[in-house]
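Asker: Below is one structure. I have some questions about it.
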Ligand SMILES: C[S@@+](CC[C@H](N)C(=O)[O-])C[C@H]1O[C@@H](n2cnc3c(N)ncnc32)[C@H](O)[C@@H]1O
């Protein structure tokens, strides 16, 4: 009996990736390195006319989950690579037409603390054509009720991560990224900041991180109180989100370098 192939996932609609695609124009995508992979960036790459891709993660579990999801769409030249950019031998000698570092910089602290200043120099030998870096700018102090809610969610999430004994993401501003890229001899060819509108899915995603961390709290009373706080904030944030048709706060940055 012929094996039924799973249908391709639908094309990703994403303002940040749309900007990357616009900047890339008619250039061929060739071989693509997803230097910090996840469901979102990989699904976007799957929709591009690439010759092949390598998707990097520091977590074996993520590679296994993504392989299970996409096995049917992988060509012989497509692969996952589990490793750490801190390891100088990792992917040594491999060059790609396009390197995508999508939300990688902020996540580095969990895998290679204090390595952020060396990340772009480490990726540079792998860039045959262009590097596209995407990330979240650190939040400024909010000046309105909507910003306050986003800030509160981010602070509660980070508090739960710390109380569970794990490391939080550490975000960097766009000018820091541009300085690091120039510092390792690359030329920034495009850079843009994109305002963020958070939706209910983001509220649930962030507050569910809190819930997943609760079992690791040493203090059960604190965990129970935190659960109450998480659900109170979830209800308040969703009401604010509905009232304002999204939570407009903060911005992402996108930088293209050669
Ligand atoms: C926040 S996720 C990136 C988001 C992802 N592009 C998406 O579409 O969901 C960060 C990724 O970078 C990887 N990562 C973080 N630090 C790393 C390091 N030092 N070496 C290799 N991979 C790393 C993580 O394992 C994860 O796969």
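The values are calculated or read from the model by the stated rules, or taken from the named source; none is laboratory data. If you're wondering where the values come from, they're calculated on a predicted model, not measured in any experiment. Counting neighbours? That spans all protein chains shown, and the Cβs are built from the backbone with ideal geometry, glycine included.
Asker: Does any residue of the range 185-207 turn out to be over 17 Å from the mean Cα position of the chain (by Cα) and at pLDDT below 95?
Answerer: no
Asker: Count, please, the residues in the range 188-228 that happen to be more than 15 Å from residue 161 (Cα to Cα) and assigned to a helix (DSSP H, G or I). Steps first, answer last, please.
Answerer: As a first pass, look at the range 188-228 and keep what is more than 15 Å from residue 161 (Cα to Cα): 188-204, 220-221, 224-225, 228.
Checking which are assigned to a helix (DSSP H, G or I) leaves us with 200-204, 220-221, 224-225, 228.
Matching residues across the range 188-228 total 10.
Asker: So if I check each of 107, 101, which one is outside any loop (DSSP other than H, G, I, E, B), more than 16 Å from residue 257 (Cβ to Cβ) and either near the ligand (Cβ under 10 Å from one of its atoms) or within 16 Å of the chain's Cα centre (by Cα) (or both)? Give the steps one after another, and end with the answer.
Answerer: Numbers: 101 fails: more than 16 Å from residue 257 (Cβ to Cβ).
Exactly one residue qualifies, and that residue is 107.
Asker: Please pick out the residue among 176, 202 that is under 19 Å from residue 102 (Cβ atoms) and within 16 Å of the ligand (Cβ to nearest atom).
Answerer: Numbers: 176 fails: within 16 Å of the ligand (Cβ to nearest atom).
Being under 19 Å from residue 102 (Cβ atoms) and within 16 Å of the ligand (Cβ to nearest atom) holds for just one of 176, 202, which is 202.
Asker: Which is more than 9 Å from the ligand (Cβ to nearest atom) and touching a helix residue (DSSP H, G or I) at 6+ places or on another chain (Cβ under 9 Å), of 135, 147, 129, 89?
Answerer: Values: 147 fails: touching a helix residue (DSSP H, G or I) at 6+ places or on another chain (Cβ under 9 Å); 129 fails: touching a helix residue (DSSP H, G or I) at 6+ places or on another chain (Cβ under 9 Å); 89 fails: touching a helix residue (DSSP H, G or I) at 6+ places or on another chain (Cβ under 9 Å).
Checking each option against the conditions leaves just 135.
Asker: Evaluate the following for residue 234: is it surrounded by 14 or more Cβ atoms within 10 Å (Cβ to Cβ) and modelled with pLDDT of 95 or more? Walk me through it before giving the result.
Answerer: On the way: surrounded by 14 or more Cβ atoms within 10 Å (Cβ to Cβ): yes; modelled with pLDDT of 95 or more: yes.
Here the answer is yes, as residue 234 does meet what is asked.
Asker: Residue 27: more than 12 Å from the ligand (Cβ to nearest atom) and exposed (fewer than 14 other Cβ atoms within 10 Å of the Cβ), yes or no?
Answerer: Details: more than 12 Å from the ligand (Cβ to nearest atom): yes; exposed (fewer than 14 other Cβ atoms within 10 Å of the Cβ): yes.
Answer is yes for this residue.
Asker: Also: On the given criteria, is residue 119 modelled with pLDDT of 95 or more and either outside any strand (DSSP E or B) or surrounded by fewer than 16 Cβ atoms within 10 Å (Cβ to Cβ) (or both)? Spell out how you get there, then give the answer.
Answerer: Working: modelled with pLDDT of 95 or more: yes; either outside any strand (DSSP E or B) or surrounded by fewer than 16 Cβ atoms within 10 Å (Cβ to Cβ) (or both): yes.
So residue 119 passes the test.
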